[in-house]
Amino acid sequence: MNTKIHYFYRDSGNYKTYEFRIVAGEITEEQWDAIRRCCIPGDYYFYPEAVGFIDIGTNRWIDIVTDWCELENYELTEEAPNINMTVQELVQHFREASAQW
């Protein structure tokens, strides 16, 4: 079983672009809580590139832009990972990156 992490980019007009990454392994509630604690509180903002995800806000055509994305949710899946990362590595990436935002 693997974990599909859903996140999205919201522009200044509130238009959203959704993305997901599938990491190897099954996430626990404790690990999910640890990731969320690493994000900016409220809307769970994070920089996707800082944790090894792709930046989905790069093709923007509006005046006010930001690189922040919002962590949405997760689901367990039997789909193959689409990124070379385990759940444990993902948690570690969030911990390391959160010290810089």
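Each reported figure results from applying straightforward, stated rules to the coordinates on display, with no laboratory input. Everything numeric here is computed off the predicted structure, so don't read it as measured data. We place every Cβ from the backbone using ideal geometry, glycine too, and count neighbours over all the protein chains shown.
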For this session: Quick one: order K4, K16 by neighbouring beta-carbon count within 10 Å, fewest to most.
Result: K16, K4
Exercise. Of T3, S98, Q88, whose Cα points farthest to the positive end of the dipole of the chain (charges on the beta-carbon: +1 Lys, Arg; -1 Asp, Glu; origin at the Cα centre)?
Worked result: S98
Exercise. Once the Cα atoms of helix 87-98 and of the chain are each reduced to a long axis, what angle between those two axes, in degrees from 0 to 90 to the nearest 10, is obtained?
Worked result: 40 degrees
For this session: Show the residues, 5+ positions off or on another chain, whose built amide H is closer than 5 Å to the amide H of T77.
Result: N2, T3, K4
Exercise. How do 83-96, 31-44 rank on mean C-beta neighbours within 10 Å, highest first?
Worked result: 83-96, 31-44
Exercise. Going by alpha carbons, how many degrees (0 to 90, nearest 10) lie between the helix axis of 29-38 and the longest principal axis of the chain?
Worked result: 30 degrees
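Around M1, what is the net charge, scoring Lys/Arg as +1 and Asp/Glu as -1 over all other residues with Cβ under 12 Å from its Cβ? Don't jump to the answer; show the numbers that get you there.
Details: positive: K4; negative: E26, E75, E78, E79.
Spelling it out: positives minus negatives among the neighbours equals -3.
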For this session: About the Cα centre of the stretch 2-98, how large is the charge dipole given +1 on each Lys and Arg Cβ and -1 on each Asp and Glu Cβ? Please answer in debye to the nearest 20.
Result: 160 debye
